Ligand code: AMP
């Protein structure tokens, strides 16, 4: 029997009412158990706010102005409603996503009107949220995995691993509900089914990375390109993007290249491709993107924008999954099957000095920074953790100190934690705090200087006129809910006291915002 869409809308409303993760998981689990097998994958995706699986590049392409018109028309035709089912919602979305050509706008609109006019009031709201990818019910992939574990009475790690191996939440849900733990445990990585890529956290500097990895680690160049996973068996080669889309057709040159050396026995390797400019230096990421957006003249694009391949991992070889082997073993295998010029530059060291020199070499060659990888780490598909750390050279901005906290411990008696602010019109907005970077002598000097320009004081904090300007190094700008500015600098440390600069010389909030935006490229959507 077809499950009405209203049941899914009711579930979403119930999920919205509770903030407790376990309650959310139980609600979802109970709901999933009521579904027919062919509805499970569809419902699971809709609840996490997706229409198609992550690796499926289809999108609805429906704008707000269309939606407004649809809502108006939909309301006018609600006399005789045909109850919506989950299946119908999904098949209509698929039709909308695949409609192309001159009449597609009209067709999309007509399809949407038919959905909306058959939807009850609570359902309309949920449909609109799904269409715009904003469920706002606090259910991400993690909560869904909890729910699947509960629904199938399976340990969470088994469910999580199944997702990492298949990259397909809907399929994992179906197996969990129809075959339970046994079915999930039976999932084996398959060639031509991409694994989710392992991800990295950020480290402040090479020294921190070495410490984090137990005193010795491997550094590789961090290439500013597009991540790819290459699968080969016999003559068949397929290439997948970071989001697991099949991008083989866009990169025939890479296919040709790997056909010359990758073993035919069944191999999965991972790496980054960069676009090559004059003199062999990598081109900016935007140029590389042009290789993925061309549909018709791929051949011409391969000549205009040649690519380079930098391999850094091997996940599967000749029937054996290698993800549970330590990095060092995987690297040894990779270096055996890959020509040297296609291996990522790599060095193992315990010396921060050597690592800094390696970082400089990476930058000089036009790359983005370094990756540090724990030597004994496994390949954890889809996981972001400290086993992989990314290091980018820091940038600096000039900011004003607007307040300082009294220090404790070794810094007792000094004003030593500085509130760093940027200009926003006539206002000063804090974008970070730091006690890092100054010598003891400078702390003493700063304490005196700040007391002289004090405007108010509490037990812990002295607020000052924004007259002391400091140069601050940072590695990343993040969104911040704590600061009014909306941004926070990660790994902020003072690199110089800028006596030569005044408040008018500091960075503006717009500039900080621009830094933030620059960090996001289309890369993550590929
Ligand atoms: P980010 O996108 O800043 O989170 O950095 C992680 C990304 O860096 C990965 O997803 C890869 O696309 C890319 N990358 C470049 N070089 C490497 C490397 N040597 N090892 C792993 N990832 C790399």
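The values are calculated or read from the model by the stated rules, or taken from the named source; none is laboratory data. All values reported here derive from a predicted model rather than from experimental measurement. Backbone-built Cβ (ideal geometry, glycine too); neighbour counts: all protein chains shown.
Of the residues making up segment 282-329, those that are at pLDDT below 90, assigned to a loop (DSSP other than H, G, I, E, B) and within 16 Å of the ligand (Cβ to nearest atom) are 283, 284. In the condition set (1) closer than 30 Å to residue 224 by Cα; (2) away from the ligand (no atom under 15 Å from the Cβ); (3) in contact with a strand residue (DSSP E or B) (Cβ under 9 Å, 6 or more places away or on another chain); (4) not in a strand (DSSP E or B), residue 433 is compliant with all but (4).
Here are some conditions: (1) in the same structural domain as residue 327 (by TED's automatic domain parsing); (2) in a helix (DSSP H, G or I). Residue 160 meets all but one. Which one does it not meet? Residue 160 satisfies every listed condition except (1).
Quickly run through segment 465-476 and pick out the residues that are in contact with a helix residue (DSSP H, G or I) (Cβ under 8 Å, 6 or more places away or on another chain), modelled with pLDDT of 90 or more and surrounded by 16 or more Cβ atoms within 10 Å (Cβ to Cβ). Those that are in contact with a helix residue (DSSP H, G or I) (Cβ under 8 Å, 6 or more places away or on another chain), modelled with pLDDT of 90 or more and surrounded by 16 or more Cβ atoms within 10 Å (Cβ to Cβ): 466, 468, 469. Reported count of residues in segment 76-121, each being part of a loop (DSSP other than H, G, I, E, B) and under 20 Å from residue 40 (Cα atoms), is 2.
Considering (1) farther than 30 Å from residue 366 by Cα; (2) surrounded by fewer than 18 Cβ atoms within 10 Å (Cβ to Cβ); (3) within 16 Å of the ligand (Cβ to nearest atom), the lone condition that residue 179 does not fulfil carries the number (3). Of all residues being within 16 Å of the ligand (Cβ to nearest atom) and over 23 Å from the mean Cα position of the chain (by Cα) in segment 252-280, which is nearest to residue 327 (Cα to Cα)? Just the residue, please. Among residues in segment 252-280 that are within 16 Å of the ligand (Cβ to nearest atom) and over 23 Å from the mean Cα position of the chain (by Cα), the one nearest to residue 327 (Cα to Cα) is 254. If the condition is being within 12 Å of the ligand (Cβ to nearest atom) and either closer than 17 Å to residue 491 by Cβ or under 15 Å from the mean Cα position of the chain (by Cα) (or both), then segment 377-386 contributes 382, 384. Taken over segment 24-64, residues that are surrounded by fewer than 17 Cβ atoms within 10 Å (Cβ to Cβ) and more than 25 Å from the chain's Cα centre (by Cα) amount to 8.
Only one entry of 427, 442, 467 meets the criterion of being more than 16 Å from the ligand (Cβ to nearest atom), under 15 Å from residue 494 (Cβ atoms) and not assigned by TED's automatic domain parsing to the domain that holds residue 211, and that entry is 442.
Would you point out the residue of segment 387-401, among those that are modelled with pLDDT of 95 or more and within 14 Å of the ligand (Cβ to nearest atom), that is farthest from residue 424 (Cα to Cα)? The extreme case among them is 387.
Residues are listed down the side, and each one gets a yes or a no for (1) more than 22 Å from the chain's Cα centre (by Cα); (2) assigned by TED's automatic domain parsing to the domain that holds residue 347; (3) crowded, with 16+ Cβ neighbours inside 10 Å; (4) part of a loop (DSSP other than H, G, I, E, B):
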| residue | (1), (2), (3), (4) |
| --- | --- |
| 164 | no, no, yes, no |
| 172 | no, no, yes, no |
| 192 | yes, no, no, yes |
| 207 | yes, yes, no, no |
| 220 | no, yes, yes, no |
| 227 | no, yes, yes, no |
| 237 | yes, yes, yes, no |
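Restricting segment 338-355 to residues that are surrounded by 15 or more Cβ atoms within 10 Å (Cβ to Cβ) and in a helix (DSSP H, G or I) leaves a set whose member that is farthest from the ligand (Cβ to nearest atom) is 352.
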